[in-house]
Amino acid sequence: MEQLHKKYADRDVQCVCIYVREPHPGERAFRQYQRHSSFDHRVRYAKELVQLKAMNVPVIVDGLDEAVHKALGNLPNLAYVVDKQGKVVYKATWTNAEHIDELLSELTSEGDPSPRLPVTIRDAEVGTAI
């Protein structure tokens, strides 16, 4: 997401990350992360994620009721692309940076005389592990 955010920043594309529940609280490499006990607890974890990953993408923290996450499909790592008219033009049950890069390259070049940005982001480069 960071690479997409940076690549398309001058093309009027906005990327947003929605922080929801911890995917594996207390498990293996995530032993220090427990289920959120309050909204403040969730915000602290979101801030830590931003710091650990040096994120520049804006992060929205969903409430403990997970209303936003549920409304969007309640799956881990969902991805949506919404056009300027508010229409969903891409939805995936798993974020695939390469596919999103391809779509954004097409969408941002429609009616634009400048050349289409080449697809340069590969999933192997961006990974999803925390």
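Can we say S38 is at negative phi, among the small types (G, A, S), at pLDDT below 90 and more than 13 Å from the chain's Cα centre (by Cα)?
Working: at negative phi: yes; among the small types (G, A, S): yes; at pLDDT below 90: no; more than 13 Å from the chain's Cα centre (by Cα): yes.
When the stated conditions are applied, S38 does not pass them.
Given the criteria over 17 Å from M1 (Cβ atoms), modelled with pLDDT of 90 or more and of a type in the set (F, W, Y), does F30 qualify?
Values: over 17 Å from M1 (Cβ atoms): yes; modelled with pLDDT of 90 or more: no; of a type in the set (F, W, Y): yes.
In short, no.
Inside the stretch 13-35, can you point out the residues that are loosely packed, with under 10 Cβ neighbours inside 10 Å and either polar (S, T, N, Q) or in a strand (DSSP E or B) (or both)? Give the derivation first.
Within the stretch 13-35, the subset loosely packed, with under 10 Cβ neighbours inside 10 Å is 28-29, 32.
Q32, the sole residue that qualifies.
Checking K47 against (1) part of a loop (DSSP other than H, G, I, E, B); (2) surrounded by 13 or more Cβ atoms within 10 Å (Cβ to Cβ); (3) basic (K, R), which test does it fail?
Just one mismatch for K47, condition (1).
So which of N77, N56, N96 ends up being among the polar types (S, T, N, Q) and in contact with a Phe, Trp or Tyr (Cβ under 8 Å, 6 or more places away or on another chain)? Give the steps one after another, and end with the answer.
Values: N56 fails: in contact with a Phe, Trp or Tyr (Cβ under 8 Å, 6 or more places away or on another chain); N96 fails: in contact with a Phe, Trp or Tyr (Cβ under 8 Å, 6 or more places away or on another chain).
Only one candidate qualifies: N77.
Could you check the stretch 15-33 and list, in sequence order, the residues that are more than 19 Å from K70 (Cα to Cα) and in contact with a helix residue (DSSP H, G or I) (Cβ under 8 Å, 6 or more places away or on another chain)?
C15, Y33
The values are calculated or read from the model by the stated rules, or taken from the named source; none is laboratory data. Computed from a prediction, not measured in an experiment: that's the story for all the values here. FYI the Cβ positions are ideal-geometry reconstructions off the backbone, even for glycines, and counts take in every protein chain you see.
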